[in-house]
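All remarks here apply to the structure that follows.
The values are calculated or read from the model by the stated rules, or taken from the named source; none is laboratory data. In this text, all values refer to a predicted model and were calculated from it rather than measured experimentally. Please note: Cβ atoms are built from the backbone with ideal geometry, for glycine as well, and neighbour counts cover all protein chains shown. Heads up: the accessible areas ignore ligands, DNA and RNA and are worked out on the full protein's heavy atoms, side chains in. Shrake-Rupley method; radii C 1.70, N 1.55, O 1.52, S 1.80 Å.
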Amino acid sequence: MSDALATTIEDLVAANRILAEQGVVDGYGHVSARVPGKTDRYLLSRSLAPASVTGEDIMEFDLDSSPVDQRGRQMYLERFIHGEIYRKRPDVQAVVHHHSPSVIPFGIAGVPLQAVYHMSGFVAGGIPVYEIRDKDGPATDMLIRTGPLGRSLADVLGVKPAALMRGHGAVVVAPSVSLVVARCVYLEMNARLQMQAMQIAGPGAKVNYLTPEEGVAAVDSNDFLRAWDLWRKKALGQ
Ligand code: MN
């Protein structure tokens, strides 16, 4: 195994545990990374609660989300989210799907998520909401179980860093594992803080969010590596 692959697997194990520790995922949700140097392959745990994931659990998939070597292991039903986003977004190196609780209301209430502070500047460019009914009819179980559903979600995501999934959760993407983890943590935090700001401002009152320009500047000024180094050490018991 190459050093780059070993590091990516270790990052992915850390990411699983960090997202669980931070309350972004519970028994459900998953995080993947593209295989270093192989644009058409990605790494994702076998079907397991994220807090329990070790290096042994990481499997390799192609962009159809078929396993390269399944060896009888059970797979996440919604792995198509990952494959179809990697296919559509060459810039994306890591993908998280989660049901992070504070973001759920913004998928159903018709109130857009907006950037409340610099830590979540990536929100300021707008976060689209995916409606599964538009693709799969009025009575689905809400899950992205097939390639075509994954493609329809990737289409709604477009070039954005995240999309909410109505009545379900969200998908978050980034050019690195460290950044996708930070985005998930601060997306959850942003949703919570936005609800608080809207409450204290009162009905109909204007909340003073970051502008898209401020969002871009905030994104450019923070790589979150100080937080990532701390989280990763703790997660791997170092
Ligand atoms: Mn899900």
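Some values worked out for this structure:
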read-out	value
In degrees, nearest ten, helix 3-21 long axis to first principal axis of the chain (Cα)	50
Cα-based Kirkwood hydrodynamic radius, the chain, one decimal, Å	18.0
Rounded Å value of the spacing that divides the Cα centres of segment 95-171 and segment 202-221	20
For segment 97-238, diffusion coefficient by Stokes-Einstein and Kirkwood Rh (Cα), 10 °C, 1.306 mPa s, µm²/s	99
Ordering of 164-173, 56-65, 212-221, 194-203 by packing [mean C-beta count within 10 Å, highest first]	164-173, 56-65, 212-221, 194-203
Over the chain: helical MRE at 222 nm, DSSP H runs n ≥ 4 each giving -39500 (n - 2.57), nearest 500	-12000 deg cm²/dmol
With every protein chain in place, segment 3-235: carbon and sulfur % of accessible area (1.4 Å)	53
Accessible solvent surface per residue of the chain, calculated while the other protein chains remain in place, 1.4 angstrom probe, Å²	47
Modelled label reach - residue 221, point 7 Å along Cα→Cβ, segment 96-121 residues with backbone N closer than 15 Å	116-121
